[in-house]
Amino acid sequence: MSIERCQILELPKIQDPRGNLTFVESNNHIPFNIARVYYLYDVPGGSERGGHAHKELHQFIIAMSGSFDVVLDDGQDKKRVHMSRSYNGLYVCPMIWRELDNFSSGSVCMVLASTKYEESDYYRDYAEFMRARWCK
């Protein structure tokens with residue numbers, strides 16, 4: 001998979017004087033069925049999250065509150081994406097190494113995932129990830 005497939009997708013935003021509403025529908029706004037939702041919060045300043053790649057899992061990352069950066073790496077190219085709007089999300093396809101950093105105080109990162117948690121789907125060692133990238 002190429003880093004070009006990872007992109008910001010805009011979600012519907014229904015504006016109302018009482019507050020805005022945004023929603024996400026499987027296979028409509030994002031290119032997969034949602035099997036799991038998790039979120040990161042109370043991330044201490046200077047901390048990093050991620051530091052892995054997935055073999056098959058698709059993800060959609062949303063900054064629900066505050067901001068953070070996502071660094072994407074396909075083994076050849078790297079791209080840093082700043083996340084700060086709750087009506088935008090970053091689609092991350094399989095076989096992309098990702099790291100999250102630069103968390104603002106009070107930020108909340110929500111991730112929609114295409115499968116339930118499965119440890120065997122992870123590459124947690126960058127060298128192993130690179131070997132798998134170039135052997136395919």
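Bear in mind that the values in this text are calculations on the coordinates, not laboratory data. This is a predicted model, so every value here is computed, not measured. Every residue, glycine among them, receives a Cβ derived from its backbone with ideal geometry; neighbour counts consider all protein chains shown.
The table below gives the values:
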quantity: Peptides ranked, highest mean first, by Cβ atoms within 10 Å: ranges 58-71, 11-24; calculated: 58-71, 11-24
quantity: Peptide ranges 76-88, 102-114, 36-48 listed from the most packed, as the mean C-beta count within 10 angstrom indicates; calculated: 102-114, 76-88, 36-48
quantity: Positive-end extreme of charge dipole, the chain - chosen from G89, S67, T115 (charges on Cβ); calculated: G89
quantity: Whole-Å distance, taken between Cα centres, linking the range 76-95 and the range 117-133; calculated: 19 Å
quantity: Distribution of pairwise C-alpha distances over the chain, 10 Å bins, in %; calculated: 12, 42, 36, 9, 2, 0
quantity: Magnitude of the charge dipole, the chain, Cβ model with Lys/Arg +1 and Asp/Glu -1, debye to 20; calculated: 180 debye
quantity: Karplus-derived HN-Hα couplings along the range 75-81 (A = 6.51, B = -1.76, C = 1.60, θ = phi - 60°), whole Hz, x at Gly and Pro; calculated: x, 10, 10, 10, 9, 9, 10
quantity: C-alpha long axis of helix 126-135 to longest principal axis of the chain, angle in °; calculated: 70 degrees
quantity: In sequence order, calculated HN-Hα J values of the range 61-66 (Karplus, 6.51, -1.76, 1.60; Hz; x Gly/Pro); calculated: 9, 10, 7, 6, 8, x
quantity: Shape of the range 1-75, Cα gyration tensor, a/c cut at 1.5; calculated: oblate
quantity: Selection of GluC sites (Glu not before Pro), the range 4-42, meeting DSSP coil and at most 13 other Cβ within 10 Å; calculated: E25
quantity: Cβ-Cβ FRET estimate between T115 and K13, R0 fixed at 30 Å, reported to 0.05; calculated: 0.60
